[in-house]
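First comes the structure, then the notes that go with it.
Bear in mind that the values in this text are calculations on the coordinates, not laboratory data. Values in this document were obtained by computation on a predicted structure and should not be read as measured data. Positions of Cβ are generated from backbone atoms using ideal geometry, with glycine treated the same way; all protein chains shown enter the neighbour counts.
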Amino acid sequence: EMHYAFYAKDWNGPIDLRGLGQGSYRLTDSFTGASLGTVSAADNRIEAKFKRFLMIEAAPAGDAA
């Protein structure tokens, strides 16, 4: 698992999740539990909108890409 934290007064735009290994990862908002989609090392950018902070957990999706 990887954990990411982002801080901004008001954010609406892309975020790159760096440092991912092989395979795909399920993203979850660590604060709300909401699903944020799936990424991989080759496709690691998500669109995010938040105020103050965003905490993300990236857990292996179980496939070996």
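Taking 10 °C and 1.306 mPa s as conditions, the chain diffuses translationally at an estimated 133 µm²/s according to Stokes-Einstein applied to its Kirkwood radius (Cα pairs). Full extension of the segment from Lys51 to Trp11, taken as 0.36 nm per residue of separation minus the current Cα-Cα distance, would add 13.8 nm. For the chain, a crude dipole built from +1 on the beta carbon of Lys and Arg and -1 on the beta carbon of Asp and Glu, taken about the Cα centre, is about 280 debye to the nearest 20.
Ranking Asn12, Thr28, Asn44 by Cα position along the charge dipole of region 1-53, where only Lys, Arg, Asp and Glu carry charges on their C-beta atoms, puts Asn12 farthest toward the positive end.
Extension gain for the segment Arg18 to Asp43, taken as residue separation times 0.36 nm less the Cα-Cα distance, is 8.0 nm to one decimal.
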